[in-house]
Structure formats: structure tokens, C-alpha cells
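The values are calculated or read from the model by the stated rules, or taken from the named source; none is laboratory data. Owing to the predicted nature of the structure, the values given are computational and were not obtained by experimental measurement. Here the Cβ positions follow ideal geometry from the backbone for every residue, glycine too, while neighbour counts run over all protein chains shown. In case anyone asks, the SASA skips ligands and DNA or RNA and just uses the protein heavy atoms, side chains included. Shrake-Rupley method; radii C 1.70, N 1.55, O 1.52, S 1.80 Å.
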Amino acid sequence: MIPKFMMANGALVRVLIHTNVTKYLNFKAVDGSFVYNKGKIYKVPATDVEALKSPLMGLFEKRRARKFFIYVQDYETNDPKSHEGLDLNQVTARQLISKYGLEDDTVDFIGHALALHRDDNYLDEPAKDFVDRVKIYAESLARFQGGSPYIYPLYGLGELPQAFARLSAVYGGTYMLNKPECKVEFDENGKAIGVTSEGETAKCKKIVCDPSYLSDKVQKVGKVARAICIMSHPIPDTKDSHSAQVILPQKQLGRKSDMYLFCCSYAHNVAAKGKYIAFVTTEAETDNPEVELKPGIDLLGPVDEIFYDTYDRFEPCNDHEADGCFISTSYDATTHFETTVKDVVELYSKITGKVLDLSVDLSAASAATEE
């Protein structure tokens with residue numbers, strides 16, 4: 001119920017290939033990636049060629065953007081010639097952008113719809129991460145001949161835990177589903193020793209869970225407001241995309257955080273024939289989701305049914321060395337997996353003490369993606 005698209009070249013796809021879960025999954029490319037600018041929806045240009053065609057920019061701005069994209073495409077960490085004399089670990093994103101003279105609106109869509117930054121803090125941080133993110137977007141876009149860099153499993157995200165459950169069974173793992181009132185048991189030193197449900201205790205050395213299981217070991221860090229909409233048509237102005245993401249950068253709405261539209265349909269087998277499911281999400285800045293989400297909902301056109309929901313976001317504040325509890329952070333408002341995967345990979349390192357090597361052969365996932 002918190003859908004997110006996967007960047008075709010991003011960390012989650014690498015994790016899925018690394019673990020060989022891909023053999024249980026079928027992906028399909030997402031039709032479109034869009035950005036909101038001055039009241040309209042535009043396709044996100046991600047390469048020098050697309051920059052020249054994009055109505056988002058005027059003639060001279062297109063040329064400047066094209067030069068910037070060529071720099072990013074040619075940038076290789078290990079090839080100093082491609083750096084054009086800039087040390088991206090020292091130079092901030094703002095300084096890099098000013099070198100190319102890009103306008104604020106252009107910076108807006110590159111930072112939020114391509115690099116997928118959630119606010120503008122990145123501008124004053126080293127540009128390396130910013131450039132890497134834009135690169136991943138462009139490389140992901142090139143992997144499938146779709147209109148977006150994203151992919152999504154057929155039948156929806158419920159396929160992910162299912163695929164991991166099948167793989168886990170192969171390695172002798174046991175799943176107990178739908179167990180009520182799971183309570184974590186601790187010894188006298190406050191270290192987790194097991195989980196009790198229905199009078200039975202499963203013993204363990206480590207607990208991995210989300211914040212809802214250990215509410216006294218997490219702190220509230222925010223709140224997500226969202227609307228879930230059932231429609232009989234695609235989002236207008238998305239070129240009839242059966243699946244699409246639209247990012248509404250904070251500045252365009254006069255907000256502190258971005259707003260996201262996620263749309264999927266019967267094309268990915270997640271809705272009945274002819275039906276589309278759209279989610280509008282944002283980090284809540286008020287207690288009134290109906291009003292707050294209006295800019296996103298207004299872009300959807302006629303909606304058959306709409307449901308509003310808010311949920312709190314938590315992150316762990318425990319000492320996992322002391323209590324053996326490894327708690328994930330709550331899902332944020334983004335409609336892509338980049339932030340969540342970062343959390344998962346960090347959890348893996350805390351639990352195992354190892355760094356996960358995600359340099360994998362990406363072609364392993366492409367066979368499954370072709371229709």
C-alpha cells in the first residue's frame with residue numbers, strides 16, 4: 001500500500017540480482033517520468049538529446065542544459081580528464097550548476113526529478129553525490145527503451161516479499177505469517193532473546209523489525225500525508241501512460257518538501273481492466289491532507305474514489321549493539337525506492353558487520369523485463 005518504483009540501474013535492482021530473487025519476479029518498464037513546472041506536467045529530460053527537445057526550457061537554456069548533461073554523461077570518477085578541473089568532493093552542487101549558468105527552474109527539475117533530492121539542502125553539499133544520482137537516472141533510462149528509468153513488478157510490490165520468502169525456503173528459512181500480537185522478549189540486560197505470539201516464543205539472537213513492533217525504541221521524525229485514488233483513465237498530460245511518476249518540486253508549490261504522484265494500472269496487473277490507481281504523497285506540513293494534497297489531486301482529472309490517509313514516520317533511537325534490535329526507518333513520501341534501499345543496505349551492514357558489494361551484472365534482470 002506504499003508503492004514505489006524501482007530505478008532500473010539503482011540499488012534495489014542490484015540487491016535483487018545479488019540475491020538472485022529476480023528469478024521469481026517479472027518486471028515491466030514504467031511508461032513515463034514527469035515533472036511539474038508552472039502549473040503543467042512535462043516529461044523529464046535526462047540526456048543532452050532530450051534537453052534540446054524539451055519544452056521546459058527556452059532556446060539558450062536548452063544549450064546550457066545540454067552542456068551540463070554532456071559533462072555528467074562523460075564524468076568518470078577514475079578519469080581526471082573528464083572532471084574538467086573540478087574536484088566534485090570539494091565543489092558544491094550549487095557551484096557546479098552556476099558554472100553552467102542554469103536557471104532556477106532547470107535546477108529545480110534536475111535536482112528533484114532527476115537526482116531525486118527531497119529538498120534543496122543538496123545544493124550546498126559536495127556535487128559528487130548529485131552528479132552520481134543524475135548519472136544513475138540517465139543510465140537507467142538507457143537500459144530499457146521505455147519513457148522512464150523506472151521498472152515495477154507485474155502484480156505489484158507484494159511480489160517482493162513473496163519472492164524473498166521462496167528464496168528463504170530454499171535456504172531452510174521458516175515463515176510464520178499473520179501472527180497476532182508479536183511481543184519482543186528481553187533478558188535482564190535488555191538484550192532481545194525472542195518473540196512471543198499466541199503463547200509460543202521463538203528464540204533468537206537478533207531481531208529485525210519495523211518501528212511498529214518496538215515503539216519505545218524509535219522516535220517520531222515526521223508525518224506522511226497521502227491520497228489513494230481509483231480512476232478510469234491515465235493522469236492527463238502524461239501521454240496516456242499506464243504507469244507514471246510525476247514529481248512536484250517544493251518550490252513550484254511554495255512548500256518545504258516535494259509532492260509525488262504515482263500511477264499504475266491494469267497494465268502491471270495491479271488493477272481491474274480499465275482501472276488506474278494513483279497515489280498522491282508528501283511529507284505532511286499541516287494536519288489537513290485534503291487541502292495539502294490538492295495541488296497533486298487537481299492534476300488527476302476525474303477520480304472514481306478517493307481515500308485520505310496520514311501516517312507518522314519513525315526512525316530508531318536504540319543502541320543495536322546493546323539490545324540486538326535492528327529497526328528500519330518508516331517509509332517516506334517518495335515514489336521511488338532510492339531512500340528505502342539505502343536504509344536496508346545500512347541495516348544489512350549493522351546486522352552482519354559486512355559491507356554489501358552491489359557491483360553485479362545488471363543484464364541478469366533484463367531478460368525478465370522484456371515483454
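When chymotrypsin sites (Phe, Trp or Tyr not before Pro) are flagged only if DSSP places them in a loop and at most 16 other Cβ atoms lie within 10 Å, the longest unflagged stretch of the chain comes out as 176-371.
Centre-to-centre, using Cα atoms only, the stretch 211-262 and the stretch 42-60 are separated by 25 Å. The count of lysine pairs in the stretch 47-154 whose Cα atoms are under 21 Å apart, excluding pairs fewer than 8 places apart on the same chain, comes to 14.
Comparing ASP332, ASP132, ASP361 in a Gaussian network model of the chain (Cα springs below 10 Å), the most mobile by mean-square fluctuation is ASP361. Karplus-derived 3J(HN,Hα) values for the stretch 29-43, using 6.51 cos²θ - 1.76 cosθ + 1.60 with θ = phi - 60°, are 5, 8, 5, x, 10, 10, 9, 9, 8, 6, x, 10, 9, 10, 5 Hz; glycine and proline are entered as x. Using unit Cβ charges (K, R positive; D, E negative) and no other charged atoms, how large, in debye to the nearest 20, is the dipole of the chain about its Cα centre? Result for the chain is approximately 820 debye, rounded to the nearest 20.
Averaged per residue, the chain has 50 square angstrom of accessible surface, using a 1.4 angstrom probe with ligands and nucleic acids left out. Semi-axes of the equivalent ellipsoid of the chain are 35, 25, 22 Å, computed as sqrt(5λ) over the eigenvalues of the C-alpha gyration tensor in descending order. Are there trypsin sites (Lys or Arg not before Pro) in the stretch 271-362 that DSSP marks as loop and that have at most 12 other Cβ atoms within 10 Å, and which are they? Sparse-neighbourhood loop trypsin sites (Lys or Arg not before Pro): LYS273, LYS354. GNM on the chain, C-alpha springs below 10 Å: top fluctuator among LYS179, LYS217, LYS28? Among LYS179, LYS217, LYS28, the largest mean-square fluctuation in the Gaussian network model of the chain belongs to LYS179.
In this structure, the amide hydrogen of HIS233, modeled 1.01 Å from its nitrogen in the peptide plane, lies closer than 5 angstrom to those of TYR276, counting only residues at least 5 positions away or on a different chain.
What is the stretch 11-118 by shape, rounded, prolate or oblate, if you read a ≥ b ≥ c off the alpha carbon gyration tensor as root eigenvalues and call it rounded for a/c under 1.5, prolate for a/b larger than b/c, and oblate otherwise? In terms of gyration-tensor shape, oblate.
Taking GluC sites (Glu not before Pro) across the stretch 164-215, the ones in a DSSP loop with at most 13 further Cβ atoms lying within 10 angstrom of their Cβ are GLU181, GLU188, GLU198. For trypsin sites (Lys or Arg not before Pro), the sites in the stretch 29-113 that DSSP calls loop and that have at most 13 other Cβ atoms within 10 Å are LYS38.
What the phi angles of the stretch 99-106 give under the Karplus curve with 6.51, -1.76 and 1.60, with θ = phi - 60°, is a coupling list of 4, 9, x, 6, 6, 4, 5, 5 Hz, glycine and proline written as x.
Let a ≥ b ≥ c be the square roots of the eigenvalues of the Cα gyration tensor of the stretch 210-306; is it rounded (a/c under 1.5), or, if not, prolate (a/b larger than b/c) or oblate? Cα axes put the stretch 210-306 in the oblate bin. Straight Cα distances below 19 angstrom link LYS206 to the aspartates and glutamates GLU181, GLU185, ASP187, GLU188, ASP216, GLU315, ASP319, GLU321, ASP323, ASP343, GLU346, with same-chain residues fewer than 8 positions distant left out.
Using a probe radius of 1.4 angstrom, the carbon and sulfur fraction of the accessible surface of the stretch 39-145 is 49%. Taking each of LYS4/LYS43; LYS223/LYS251; LYS183/LYS354; LYS203/LYS342; LYS239/LYS342; LYS4/LYS342 in turn, the alpha-carbon distance tops 25 angstrom for LYS183/LYS354; LYS203/LYS342; LYS239/LYS342.
Dividing the summed helix terms, -39500 (n - 2.57) for each DSSP H run of n ≥ 4, by the number of residues in the chain produces a 222 nm estimate of -8000 deg cm²/dmol to the nearest 500. Rounded to the nearest 20, the Cβ-based charge dipole of the stretch 230-370 about its Cα centre (Lys and Arg +1, Asp and Glu -1) stands at 440 debye.
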